[in-house]
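All remarks here apply to the structure that follows.
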């Protein structure tokens, strides 16, 4: 190979190395600035087909359950199924009325496994006066298993007459 051709080849290799180095520096800068990011993996949501409330409560002197029905189902008429990202929260709202002549406390809400309840609004115990209407927002955390389908049961405890 002639000296001129070797020099030309070296020049091309040098230019290629410089160009590749510039591309690498630009890519590293774009990644550092957050412009180039790897797309988040698309995980399948958790599907909640229904919510069933089992309310453990007594009855008034007139024979009515203190806070209305002792069993409530939220299904398609209430907007179910719902889709929740694995490990994320969603809210179930229970509305009721105290049908008794004394105060009662909603004292506990427990979801079936694998769901957890990080909070309620208002917090428990929640006192409801005679004839008052109430609403309890129950915040639930979905399981972390992507693509799973569940029906949720919430066990609600209501304490007897309080002063």
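The values are calculated or read from the model by the stated rules, or taken from the named source; none is laboratory data. All values reported here derive from a predicted model rather than from experimental measurement. Cβ sites come from the backbone with ideal geometry, for glycine too, and all protein chains shown count toward neighbours.
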Task: Flag if residue 53 is in contact with a strand residue (DSSP E or B) (Cβ under 8 Å, 6 or more places away or on another chain), within 30 Å of residue 162 (Cβ to Cβ) and outside any strand (DSSP E or B) - done: no
Task: Test: residue in the range 22-34 that is under 30 Å from residue 150 (Cα atoms) and either in a helix (DSSP H, G or I) or more than 22 Å from the chain's Cα centre (by Cα) (or both) - done: no
TODO: Say whether the condition of being touching a residue at least 60 places away in the same chain (Cβ under 8 Å), more than 13 Å from the chain's Cα centre (by Cα) and within 27 Å of residue 87 (Cβ to Cβ) is met by at least one residue in the range 124-138.
DONE: no
- [ ] Scan (1) touching a strand residue (DSSP E or B) at 6+ places or on another chain (Cβ under 6 Å); (2) outside the structural domain of residue 142 (by TED's automatic domain parsing) for the single condition residue 7 breaks and write down its number.
- [x] (1)
Open item on the list: Give me the residue from the range 82-110 that is more than 14 Å from residue 161 (Cα to Cα) and in contact (Cβ under 8 Å) with a residue 60 or more places away in the chain and, out of that set, surrounded by the fewest Cβ atoms within 10 Å (Cβ to Cβ).
Closed with: 86
